[in-house]
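The values are calculated or read from the model by the stated rules, or taken from the named source; none is laboratory data. These numbers come from a predicted model, not from an experiment. Cβ: placed from backbone, ideal geometry, glycine included. Neighbour counts: every protein chain shown. SASA here: full protein model, heavy atoms, side chains in, ligands and nucleic acids out. Shrake-Rupley method; radii C 1.70, N 1.55, O 1.52, S 1.80 Å.
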Amino acid sequence: MLSDPVYGEEFDVVVNELTDQYVAGEVQGRERDQMERYFFASPARREKLRMAAALKERQHAAVSKRWLPSRELRIAATVLIIVGLTFGIWWALKGGESELDKGLRALQSAYGEQRPLEARVSALPYSHFSSTRGSKADEQAKAELRRAELHLAQAVKDKPTPEAHHVLGKVYLAQGKFDEAIREFEQSLSGNQNQAQVYNDLGVAWMQKGDFNRSLDSFNKALQLDGNLLEALFNRALCYEKQSRFEEAKADWTAYLKRDSTSPWAEEARQHLNTSSANP
């Protein structure tokens, strides 16, 4: 039978399959003992067994090398896991985003497309001034300001810090609630007198109410505390202009443009400088 080529080929296939099953551990107990005593008794089959076992080991090593990350990657992954867990614990203990943070985010969003005041409110991004009311952008800004007011009122209630009073005052300022804004700014200053930005925003509120003397006092105080506060210099120039004190306005607009000549605020300052220069 072994001399028959077809039978011999089938016999070799069976031998290979049995050898692979043995190496894979699929043959156990009495059958495994019998294979070791009789099936692998010949040197040829022991050699075949050795080669099959060696091939399986190489395949296992290749798969392990392919899927196991390098030492550097394992270290990096461990660091990322530790950082992630640390941040998660910190965030949980902190209680997530605070009411103050939510209010700040809503206030900045309200200033995204247009600003309701010509003057500069401290630490807010640039957006063009628009006196138009009732537009879609205006309605969206009002909704964001209302959301900011709710968050910040809660922040002041929970923890009435000078910062919380200041930011709530900025929301009132943007809403046109100038008396409420002044109250919040003064509350903030009662906790810390050395806040140039708060004095700037207080000056804006007084200017919107038409009290230019108090407005100028506040802008001057802001610049005394921080001579580089561009918002206060911009607003003082605007305040002079509104009083038709064009020479003083021109001096401040010129000084402003020496410090800021490229921003969108600078373009507005140039327009105001041209207005002041055109008046005696």
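Largest accessible area first, the residues Asp101, Asp252, Asp33 order themselves as Asp33, Asp101, Asp252 under a 1.4 Å probe with ligands, DNA and RNA left out. For the residue pairs Lys209/Lys250; Lys209/Lys258; Lys136/Lys242; Lys142/Lys242; Lys170/Lys221; Lys170/Lys242, the C-alpha atoms sit more than 20 angstrom apart in Lys209/Lys250; Lys209/Lys258; Lys136/Lys242; Lys142/Lys242; Lys170/Lys242. Positive end of the dipole of the range 126-194 (Cβ unit charges, origin at the Cα centre): among Ser135, Ala181, Leu152, the Cα lying farthest that way belongs to Ser135.
If R0 is taken as 25 Å, the Cβ-Cβ distance between Asp226 and Ser261 corresponds to a FRET efficiency of 0.80. If you wrap the Cα atoms of the range 109-153 in a convex hull and average its projected area over all directions, you get 3.2 nm². Taking amide hydrogens as placed 1.01 Å from N in the peptide plane, the amide H of Arg120 sits under 5 Å from those of Asn235, each at least 5 positions away in sequence or on another chain. In order along the range 109-123, phi translates into HN-Hα couplings of 5, 5, 8, x, 10, 7, 10, x, 10, 6, 6, 8, 8, 4, 6 Hz, rounded to whole numbers, per the Karplus curve 6.51 cos²θ - 1.76 cosθ + 1.60 with θ = phi - 60° and x for Gly and Pro.
Heavy-atom accessible area with a 1.4 Å probe sorts Thr254, Thr262, largest first, into Thr262, Thr254. Rounded to whole numbers, the Karplus 3J(HN,Hα) couplings from phi for the range 244-260 are 6, 8, 5, 5, 5, 4, 4, 5, 6, 5, 5, 4, 4, 5, 5, 9, 9 Hz, using 6.51 cos²θ - 1.76 cosθ + 1.60 with θ = phi - 60°, and x at Gly and Pro.
Taking all protein chains together and rolling a 1.4 Å probe, Phe129 ends up with roughly 80 Å² accessible. Ranked from largest to smallest solvent-accessible area, with a 1.4 Å probe on the protein heavy atoms, Tyr199, Tyr126 come out as Tyr126, Tyr199.
What is the percent of Cα-Cα separations in the range 96-176 that go past 17 Å? When all Cα pairs of the range 96-176 are counted, 40 percent exceed 17 Å.
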